[in-house]
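Report on the following structure.
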Amino acid sequence: MIDIIGLVKQFPGTARPAVDHLTLTIADGEVCVLIGPSGCGKTTTMRVINRMIEPDAGTVKVRGRDIFDIDPVSLRRSIGYVIQQVGLFPHWTIAENVATVPRLLGWKPAKIRTRTDELLTLVGMAPEIYRDRVPRELSGGQKQRVGVARALAADPPVMLMDEPFGALDPITRARLQGEFLNILRGLKKTIVFVTHDIDEAIRMGDRIAILKDGALVQYDTPERILAAPADSFVEAFVGADRALKRLSLIPVTSACEPWPGTPPPNTIAAEASLRDALARMLEADVDRLAVVDADERFVGALTLQAIRAHSADAAPVARIQRFP
Amino acid sequence: MLLVEAWQFIVAHPDRFFGALLTHVTLSAAALALATAIALPTGVWLAGTRRAASIAIATANVGRTLPSLAVLALVMPLLGTGFLPSLFALTLLALPPILLNSYTGIRQVEPEIVDAARGMGMTRGEIVRKVELPIATPVIFAGIRTAAVQVVSGAVLAAYIGGGGLGDFITAGIAMMALPQLLVGAIPATLLALGADQLFGRLQRALTPKGL
């Protein structure tokens with residue numbers, strides 16, 4: 001668990017604090033996305049957690065321990081760190097890059113080698129092909145795979161990721177988002193993820209913290225942020241298509257109804273989202289679809305009315321408390 | 001004809017020739033080693049500072065434009081003549097290129113690489129040793145290479161302040177209008193400078209990590 005308590009940071013020569021009395025609790029094993037327009041304090045907040053930036057006031061506790069009681073160097077070795085430009089060491093091989101923290105920690109060479117191969121495999125880079133290559137021989141997407149493997153090397157419970165997919169083309173970005181979501185969820189890491197891309201936040205986050213001028217505007221699950229934006233700023237920030245974004249988070253199965261008669265002719269996979277289903281309906285010009293499971297068995301029907309009902313049941317959300 | 005006479009001079013005076021050659025090489029090597037020992041750490045240190053750097057780099061840039069002979073001439077009234085004043089002057093001559101390239105080499109390491117190193121828990125010393133210095137190696141070695149050529153060539157002028165070396169033959173040759181003797185100094189001095197350039201060029205390539 002990460003507790004950020006009353007954090008304040010003002011950089012010299014700036015008119016207002018970059019982070020202004022921010023309080024935020026991140027649960028173990030959750031992906032917390034910090035998002036907001038540039039200058040909202042999201043990166044500053046993240047960089048306080050591994051003491052790359054020293055705040056003016058407030059504190060951070062990682063698993064109950066005040067980070068300011070821990071030597072910055074050993075603190076950083078215990079927290080995974082991934083940045084947008086990756087920052088691989090160009091003079092080291094891929095294996096040496098992945099082994100950065102284990103080598104700093106003085107692991108035995110045999111253990112380092114096993115771990116390096118294991119991680120390269122995990123991020124989809126065959127060790128026997130890539131182990132001895134150097135960073136300049138890799139594509140942008142491959143570099144970031146290595147960047148994530150490097151951050152995971154010493155198995156840190158907490159990972160900080162600063163726009164890790166921001167420099168990639170949209171196709172590579174979408175692929176890596178999907179892959180890393182599975183990897184990181186599987187490893188049960190607590191992740192602080194900074195982005196300015198709301199679609200990425202919705203896709204990656206268990207919870208999204210929307211920041212503005214160094215303060216927290218709304219902190220909630222993606223579903224709730226889309227269903228009930230705390231104010232007009234959040235509403236504008238999530239965009240006019242928030243109804244559609246919301247549908248993309250709801251699986252077909254949650255709106256699927258038992259269907260006694262003949263199944264509708266057009267089908268949709270059970271693991272698809274309501275957004276996919278809606279697109280399918282518009283495409284086929286129908287108002288109902290047969291929901292089928294992985295073995296093509298009919299499990300029920302999905303109607304346009306059911307989708308409507310799900311997009312409209314936005315429960316009102318109390319405004320989150322602003323801390324003084 | 002001149003070359004034959006020059007060769008005969010060497011054969012006739014092997015002790016004088018090899019003595020001068022040894023002095024030349026010793027003087028150059030010592031000056032280069034001293035200058036590297038001073039300028040490399042200073043350049044690396046300056047790269048991590050802001051205010052001190054601009055003053056030091058401006059000074060080094062001025063230093064680089066000083067003619068070799070002027071440096072030697074300036075040293076003589078202060079330190080007198082002989083091997084040590086020559087060594088001092090040549091060291092002074094070698095400082096600017098090594099200092100400037102060390103500084104530039106470290107400064108041009110991409111900030112995100114340093115940020116990643118720091119974020120993963122490298123100490124300042126580890127960042128310098130494991131990341132910045134290896135990445136800056138080609139640039140630093142280019143500086144040492146420039147300095148080596150300058151020092152080997154400049155050492156010819158050490159003869160003017162009694163430093164010895166191959167320059168002795170050149171000054172004597174000029175004074176006595178003895179062209180063969182002049183060549184005994186000039187040709188080996190030229191070959192030494194070319195050799196130094198080659199040697200450090202090879203070293204530079206050999207020491208550059210393969211990923212760069």
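Every number here is computed from the coordinates shown, using simple stated rules; none is lab data. Source: prediction; values computed, not measured. Positions of Cβ are backbone-derived with ideal geometry, glycine not excepted, and every protein chain shown enters the neighbour counts.
For A:Ser248, what residues show an amide H to amide H distance below 5 Å, using hydrogens built from the backbone and excluding near sequence neighbours?
Sorted by chain and number, the residues that satisfy this are A:Arg275.
Quick one: Karplus J couplings for the stretch B:197-206, per residue in order, coefficients 6.51, -1.76, 1.60, θ = phi - 60°, nearest Hz, x for Gly and Pro?
Using θ = phi - 60°, the values come out as 4, 4, 4, 6, x, 5, 4, 4, 5, 5 Hz.
For B:Leu21, what is the net charge nearby, where nearby means another residue's Cβ is under 13 Å from its Cβ and Lys, Arg count +1, Asp, Glu -1?
That works out to -1.
Amide H neighbours of A:Val291 under 5 Å, counting only residues 5+ apart in sequence or on other chains, H built in-plane at 1.01 Å?
Sorted by chain and number, the residues that satisfy this are A:Ile268, A:Val299, A:Gly300, A:Ala301, A:Leu302.
Skipping prolines and chain starts, which residues have an amide H placed within reach, meaning under 5 Å, of the one on A:Ala57, given they are 5 or more residues away or on another chain?
For A:Ala57, whose amide H was placed from the backbone, the distant partners under 5 Å are A:Val8.
Only Lys, Arg, Asp and Glu count, each charged at its Cβ (+1, +1, -1, -1), so figure out the dipole size of the stretch B:52-161 about its Cα centre, rounded to 20 debye.
The dipole magnitude comes to about 140 debye.
Any idea what angle helix A:170-187 forms with the longest principal axis of chain A, computed on alpha-carbon atoms, 0 to 90 degrees, nearest 10?
Tilt of helix A:170-187: around 80 degrees.
So what J values fall out for the stretch A:295-302 if you push phi through Karplus, 6.51 cos²θ - 1.76 cosθ + 1.60 with θ = phi - 60°, rounded to Hz, Gly and Pro as x?
8, 6, 8, 6, 10, x, 10, 10
Placing +1 on the Cβ of each Lys and Arg and -1 on the Cβ of each Asp and Glu in chain A, which of A:Pro265, A:Gly186, A:Ile79 has its Cα farthest towards the positive end of the resulting dipole?
In chain A, that residue is A:Ile79.
How would chain A be classified by its alpha-carbon gyration tensor: rounded, prolate or oblate, with rounded meaning a/c under 1.5 and the a/b versus b/c comparison settling the rest?
Oblate, because a/c is 1.5 or more while a/b does not exceed b/c.
Can you show me the helix-derived [θ] at 222 nm for chain A, built from DSSP H runs with n ≥ 4 at -39,500 (n - 2.57) apiece and divided by the number of residues, rounded to the nearest 500.
-10000 deg cm²/dmol
Using the Karplus curve 6.51 cos²θ - 1.76 cosθ + 1.60 with θ = phi - 60°, what ³J(HN,Hα) values do you get for each residue of the stretch B:21-31, in whole Hz, with x for Gly and Pro?
4, 4, 4, 4, 5, 4, 4, 5, 5, 5, 4
For chain A, find the longest principal axis of its Cα atoms and tell me its angle to the long axis of helix A:109-122, 0 to 90°, nearest 10.
20 degrees
Can you compute the FRET efficiency between B:Leu194 and A:Thr121 using 1/(1 + (r/R0)^6), with r the Cβ-Cβ distance and R0 = 41 Å? Round to the nearest 0.05.
FRET efficiency, B:Leu194 to A:Thr121: 0.20.
Which one of A:Thr116, A:Leu34, B:Phe83 has its Cα pushed farthest toward the positive end of the charge dipole of the protein assembly as shown, where Lys and Arg give +1 and Asp and Glu give -1 at the Cβ?
After comparing all options, I get B:Phe83.
Taking each residue in A:82-94, count the Cβ atoms of any other chain within 10 Å of its Cβ, then average. What number comes out?
6
Among A:Val299, A:Val234, rank each residue by its count of other Cβ atoms within 10 Å, from fewest to most, as a rough exposure measure.
Final ranking by Cβ density, sparse to dense: A:Val299, A:Val234.
Taking the Cα centre of the stretch A:146-190 as origin, work out the dipole magnitude from +1 charges on Lys and Arg Cβ and -1 charges on Asp and Glu Cβ, in debye rounded to 20.
180 debye
Can you give the mean number of other chain Cβ atoms that lie within 10 Å of the Cβ atoms in peptide B:203-212?
Other-chain Cβ atoms within 10 Å of each residue's Cβ, averaged: 3.
Over chain A, what relative contact order in percent results from Cα pairs under 8 Å that are six or more residues apart?
This gives 19 percent for chain A.
For peptide B:122-128, how many partner chain Cβ atoms fall within 10 Å of a residue's Cβ, on average?
What the average comes to for B:122-128 is 2.
When you count, for each residue, the other Cβ atoms within 10 Å and take the mean per peptide, how do B:151-162, B:67-78, B:7-18 rank with the highest first?
So the peptides B:151-162, B:67-78, B:7-18, ranked by packing, come out B:151-162, B:67-78, B:7-18.
Could you size up the charge dipole of the protein assembly as shown around its Cα centre, putting +1 on the beta carbon of Lys and Arg and -1 on that of Asp and Glu, and report it in debye to the nearest 20?
1160 debye
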